Amino acid sequence: MTRQYPSSNHVDQKVPPHMGDGTAVGRMISKKPIFRAKSNRAIQNYISKCIHVDKRRHGTRPPRQIPSSASAGSRDQILPPLPLLMMMIKQSNQPPDPNPTATTATTQRVPVSRTRTRIPLPDKSYHEIATCGASEPPKEPAGPGTSPPATPPLDPNPESIRGAGEAMGIVEEAHNVKVLGSGERTIVLAHGFGTDQSVWKHLVPHLVGSYRVVVYDNMGAGTTNPDYFDFERYTTLEGYAYDLLAILEELHIGACVFVGHSASAMVGAIASISRPDLFTKIVMLSGSPRYVNDPDYFGGFEQEELDQLFEAMRENYKAWCSGFAPMAVGGDMDSVAVQEFSRTLFNMRPDIALSVAQTIFTSDMRSILGLVTVPCHIVQSMKDLAVPVVVSEYLHQHLGGDSIVEVMQSDGHLPQLSSPDTVIPVILRHIHYDIAT
């Protein structure tokens, strides 16, 4: 059934099932930490403690009681906590054992339920996990090879959430968190690979008058301190999901509308599985659960193509940036959007950029899509080098909660930069209105 948005500008209005003068959006289905430390040693101590506490705490808390009205096999069954969930993902992505009768130990593929769930939380809050072992923010490191953070695109207003006189937290400083505007509802904007929070510069001015807007930089972005990037932590998108939860915890955000671009769309989905109460909806802009083609799935890339991409990044990162930016944005080097993306891409340290690219392009989140019960608004460009249009339909069909799709007449993987006049009104509609039920 086709859903349409009304032409009215009223906020928080449900989308009526039939509107004759709106813009068709798509089909709706009802189925279904980082830290500051004083040295590299302190950073590594933080990481080891964080992982240790996280793995130790998860699973030790008694499981939540299933309501008496819930029968066996109901949608209220309990799932493992997030770290175990990610292990299940890795196991489900491994090729089948060619000799299942062998006596040697083999990894069993763990079936992942696609029913509506709530995952038990650890005893220690995500804020405590993300900041354990870091008692005070350090001085900014100086020296050759360290690039100073770029000037923030907007002036922060941190007191709008923390309260007057309260100091900025450790996680906020590390991720350059900025809180802008005012309003009862909170919008969190998360960027994708090769960019930073400045990618939202065309959208933020339209939100600050009515919403409390939170922008931040993913660890590894050129505006973050490269000494804080842990290569082991960020080998999966789970590390970024914990960063997001730590930010929400430190800012005391009870619920938010999360807008995630590219890889951050999946980061928001992973975080929402563990804490669905923190997300009223997720707007996925150019998001993909998997970038590599499978016999029964078209993600846009063959593995050989990604291997060549990674090798080009290793050999000459600057040259690779010059070639990749126009293809990703969908323009030539004279384009303002291409120049902006080239700037933020080149600001990343080459080895970190390669690590992040490998994490994102080799990820496979298909097995957890059924666990995402938060309403999702899927927004996609008609022409996108990284994410084919069919991927948006795949998300629509496999997400565990309500979802809706809109394919825009825009080009490129960063339409909020390359086509703001087309894209910004679309994103605003999906923020303002909820999916009709």
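The values are calculated or read from the model by the stated rules, or taken from the named source; none is laboratory data. Computed from a predicted structure; not experimentally measured. When we count neighbours, we look across all protein chains shown, and the Cβ atoms used for this are built from the backbone with ideal geometry, even at glycine. Keep in mind that these areas ignore ligands, DNA and RNA; they rest on the heavy atoms of the full protein, side chains included. Shrake-Rupley method; radii C 1.70, N 1.55, O 1.52, S 1.80 Å.
Take every Cα pair under 8 Å in region 192-311 that's 6+ residues apart, average their separations, divide by the length, and report that relative contact order as a whole percent.
18 percent.
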Inset, instruction - Pull up all non-local amide H partners of residue 288: gap of 5 or more, or a different chain, and H-to-H distance under 5 Å with H placed in the peptide plane. - result: 266
Legend entry - region 385-397 - phi-based ³J(HN,Hα) in whole Hz, Karplus 6.51/-1.76/1.60, Gly and Pro as x: 4, 8, 10, x, 4, 4, 5, 5, 5, 4, 4, 4, 7
Legend entry - Prolate/oblate/rounded call for region 164-293, Cα gyration tensor, a/c under 1.5 rounded: rounded
Legend entry - Test item: Cα-centred dipole of region 344-437, Lys/Arg +1 and Asp/Glu -1 on Cβ, debye: 140 debye
Inset, instruction - Please work out whether region 233-330 counts as rounded, prolate or oblate from its C-alpha gyration tensor, where a ≥ b ≥ c are the square roots of the eigenvalues and a/c under 1.5 means rounded, while otherwise a/b larger than b/c means prolate and anything else oblate? - result: prolate
Inset, instruction - List the residues whose amide H sits under 5 Å from the amide H of residue 218, counting only those 5 or more places along or on another chain, with H placed 1.01 Å from N in the peptide plane. - result: 191
Inset, instruction - Using Cα pairs closer than 8 Å and at least 6 residues apart in sequence, work out the relative contact order for region 302-417, in percent. - result: 27 percent
Legend entry - Carbon plus sulfur fraction of accessible area for region 264-394, probe 1.4 Å, in percent: 56 percent
Inset, instruction - For residue 280, list long-range residues whose amide hydrogen, built 1.01 Å from N in the peptide plane, is under 5 Å from its own amide hydrogen. - result: 256, 257, 258
Legend entry - Karplus 3J(HN,Hα) series, Hz, for region 339-347 with 6.51 cos²θ - 1.76 cosθ + 1.60 (x for Gly, Pro): 5, 5, 5, 4, 5, 5, 5, 6, 5
